[in-house]
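Read-outs: derived from the displayed coordinates by stated rules, not from any lab. Just so it is clear, the structure is predicted and the values come from calculations on it, not from any experiment. Here Cβ is always computed from backbone atoms with ideal geometry, including for glycine, and neighbour counts include all displayed protein chains.
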Amino acid sequence: MIAMWVTMSLNLSPEMAQTIEDEAEKYGLSNAKYLRALIREAQSSPFDPTDSDVDLVVDDSDVEDAQKGAA
């Protein structure tokens with residue numbers, strides 16, 4: 001099967017764009033791959049989170065912070 005990609009654009013504040021760039025770099029990902037991973041992992045996402053080779057948890061402190069924020 002040939003992989004096909006569709007380009008989509010969205011408007012972001014400069015601060016949000018910078019945060020995305022910083023976070024993507026932290027994980028060694030392109031902005032697009034980072035955003036795809038976020039979309040898959042979102043609680044309300046219609047996409048299968050296991051259909052990704054990206055793990056956005058760097059260490060246990062990220063998990064602990066996420067759990068504190070979810071409380």
Within a 10 angstrom radius of the beta carbon, how do T19, T7 rank from fewest other beta carbons to most?
T7, T19
Could I have the simple spin-label model distance between T19 and Q43, label points 7 Å from Cα toward Cβ, reported in nm to one decimal?
1.7
